[in-house]
Amino acid sequence: MNDLGFADGEKRIGLHVLARNVYRGPHLFGRLPMIRIQVALGELEASPTDRLPDFTDRLLAALPGLARHGCSCPHEGGFPRRLREGTWLGHVIEHVALELQTLAGSPVSRGKTRSVPGRPGVYNILYRYLEEDVGLAAGAAAIALVAALLPVWFRRWDGGALLPAPVGGDGLDVGATVEHLIALRRRSALGPTTASLAEAARRRTIPVARLDQQGLLLLGWGTRQQRLRASITGRTPQIAVSLAGNKDATKALLTAAGLPVPKGIVVRTVEDALAAAQKLDGPLVIKPLDSNHGRGVSTFVETPADIGKAFDHAAKISSRVIVEKHLPGNDHRMLVVDGKLVAVAERVPAHVVGDGIRSVGELIAFVNADPRRGDGHESMLTKIRVDAALRPVDI
């Protein structure tokens, strides 16, 4: 017999996941967006953490950051004290889900676990999230990790179909789990402009909910709600949005207002692109007619072969491609809110400066080590990516 009174080798299901909900706005349990996972502890209800051999030490070794959780105490170390005094596993899963999200770059700290009245051993685990996919995956990973630390006869758990499949096999590979959560966060990360506006809304206690994977947000609720994509709100007339998304139409409006714009021609085939190049003469910029974030853009294009490659690159983004004169100068992005200029960013092409010692590859690695640089548009500076667009050099 083992210390808990079960026969050696006897295995049984420990945790049962009964339900899960994603609350994107105010809900029965609070005002902040939260995830609820309802679990039944079954026989584990009689085994709080102080009765589980080595559980607390192994958990804190796997996630040292839990030692900083205050829990209901006003200072760090409250949660480890609760573990050693004895607390139930639903409470543990709540803290693990919060810590995993924080390690993945989504710092959250609000959570609570409550027993369900009239249902002994059943608990509602609630915890805060910033990105829905990351929050759900963190909850599944938290259950897998806690289950893996239980005595062998309690490590099985069911109800996983309600949650994303955890990574890392038995749940003990915290590194693999965090890397997976980071990848999820990057896929759903908002661009700098949208993220800044969302954060400004949260500081003003305005609820923020994400509506799709293209960055469409909902600010507020009920009659005061507003939708937002990047810096465009639902108050912008649709015709203006359509014009702003069409580079050729935008240039026509600017020309009518007397502002200088580069000459350009909209084409649909590579043959038309070559013909347009002859009319425009000189270095060209070839880009999709209606894309953003610099996708599919090629600059300083001159030879017919490069024009063909640049057209193919742009055509992957849009069926219509614009061929323009290349104008030298600086590239700025300006953000206007309520008719006022609030921010300006200068876009600088990726480059390195040789020092006569390091190779190009070493210089790129050095530049990418800057903590201000991230992948894609998750940070204000972007890491240099070595791809087919980089001319063959000794890297």
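Provide a single number: the residues in the range 373-383 that are touching a strand residue (DSSP E or B) at 6+ places or on another chain (Cβ under 8 Å) and part of a loop (DSSP other than H, G, I, E, B). Before the answer, list the steps.
Residues of the range 373-383 touching a strand residue (DSSP E or B) at 6+ places or on another chain (Cβ under 8 Å): 373-376, 379-383.
Still in the list and also part of a loop (DSSP other than H, G, I, E, B): 375-376, 379-380, 383.
Total satisfying the criteria: 5.
Do you know which residues across the range 339-376 are within 22 Å of residue 189 (Cα to Cα) and of a type in the set (Lys, Arg)?
Result: 347, 372, 373.
If I ask for residues that are of a type in the set (Val, Ile, Thr) and crowded, with 18+ Cβ neighbours inside 10 Å, which ones from the range 124-166 would you list?
125, 134, 143, 146
Taking the conditions exactly as written (of a type outside the set (Asp, Glu), under 30 Å from residue 322 (Cα atoms) and in a loop (DSSP other than H, G, I, E, B)), does residue 236 satisfy them or not?
Here the answer is yes, as residue 236 does meet what is asked.
Answer yes or no as to whether residue 166 is assigned by TED's automatic domain parsing to the domain that holds residue 52, in contact with a Pro (Cβ under 8 Å, 6 or more places away or on another chain) and touching a residue at least 12 places away in the same chain (Cβ under 8 Å).
For residue 166, the condition - assigned by TED's automatic domain parsing to the domain that holds residue 52, in contact with a Pro (Cβ under 8 Å, 6 or more places away or on another chain) and touching a residue at least 12 places away in the same chain (Cβ under 8 Å) - is not met.
For residue 197, state whether it is buried (at least 19 other Cβ atoms within 10 Å of the Cβ) and under 17 Å from residue 229 (Cβ atoms).
Working: buried (at least 19 other Cβ atoms within 10 Å of the Cβ): yes; under 17 Å from residue 229 (Cβ atoms): yes.
Considered against the rule, which asks whether it is buried (at least 19 other Cβ atoms within 10 Å of the Cβ) and under 17 Å from residue 229 (Cβ atoms), residue 197 comes out as yes.
For the range 303-313, state whether one or more residues are among the aliphatic types (A, V, I, L, M), modelled with pLDDT of 90 or more and surrounded by 12 or more Cβ atoms within 10 Å (Cβ to Cβ).
yes
List pairs: first residue in the range 257-270 and more than 19 Å from residue 309 (Cβ to Cβ) and assigned by TED's automatic domain parsing to the domain that holds residue 311, second residue of a type in the set (Gly, Ala, Ser) and modelled with pLDDT under 90 anywhere in the structure, Cβ distance under 9 angstrom, at least six positions apart or on different chains.
261/252
Does at least one position in the range 118-125 carry a residue that is basic (Lys, Arg) and touching a Phe, Trp or Tyr at 6+ places or on another chain (Cβ under 9 Å)?
Going through the range 118-125, the residues basic (Lys, Arg) turn out to be 119.
The next check asks that each one be touching a Phe, Trp or Tyr at 6+ places or on another chain (Cβ under 9 Å); those that pass are none.
No, the range 118-125 has no match at all.
Of the conditions (1) in contact with a helix residue (DSSP H, G or I) (Cβ under 8 Å, 6 or more places away or on another chain); (2) closer than 17 Å to residue 335 by Cα; (3) surrounded by fewer than 15 Cβ atoms within 10 Å (Cβ to Cβ); (4) touching a residue at least 40 places away in the same chain (Cβ under 8 Å), residue 231 clears all except one; give me its number.
Unmet for residue 231, out of (1) in contact with a helix residue (DSSP H, G or I) (Cβ under 8 Å, 6 or more places away or on another chain); (2) closer than 17 Å to residue 335 by Cα; (3) surrounded by fewer than 15 Cβ atoms within 10 Å (Cβ to Cβ); (4) touching a residue at least 40 places away in the same chain (Cβ under 8 Å): (3).
I'd like the full set of residues that are under 29 Å from residue 344 (Cβ atoms), in contact with a helix residue (DSSP H, G or I) (Cβ under 7 Å, 6 or more places away or on another chain) and of a type in the set (A, V, I, L, M, F, W, C), limited to the range 165-192.
If the condition is that a residue be under 29 Å from residue 344 (Cβ atoms), in contact with a helix residue (DSSP H, G or I) (Cβ under 7 Å, 6 or more places away or on another chain) and of a type in the set (A, V, I, L, M, F, W, C), then 190 is the only one that fits.
Only one of (1) of a type in the set (Ser, Thr, Tyr); (2) closer than 24 Å to residue 342 by Cα; (3) touching a Lys or Arg at 6+ places or on another chain (Cβ under 9 Å) fails for residue 188. Which number is that?
It fails just one condition, (2).
Taking the condition of being surrounded by fewer than 20 Cβ atoms within 10 Å (Cβ to Cβ) and not in a helix (DSSP H, G or I), how many residues in the range 167-182 meet it?
Restricting attention to the range 167-182, the residues satisfying the condition of being surrounded by fewer than 20 Cβ atoms within 10 Å (Cβ to Cβ) are 167-170, 172-176, 179, 182.
Still in the running and not in a helix (DSSP H, G or I): 167-170, 172-173.
Within the range 167-182, residues that are surrounded by fewer than 20 Cβ atoms within 10 Å (Cβ to Cβ) and not in a helix (DSSP H, G or I) number 6.
Would you please name the residue that is surrounded by the most Cβ atoms within 10 Å (Cβ to Cβ), looking only at residues in the range 319-338 that are free of Cβ contacts under 8 Å to residues at least 12 places away in the same chain and more than 30 Å from the chain's Cα centre (by Cα)?
328
Here is a list: 171, 159. Which entry is in the same structural domain as residue 90 (by TED's automatic domain parsing), in contact (Cβ under 8 Å) with a residue 60 or more places away in the chain and over 19 Å from residue 107 (Cβ atoms)?
It is 159.
The values are calculated or read from the model by the stated rules, or taken from the named source; none is laboratory data. Predicted model only: the values in this text are computed from it and were never measured. Virtual Cβ from ideal backbone geometry, glycine too; neighbours counted across all protein chains shown.
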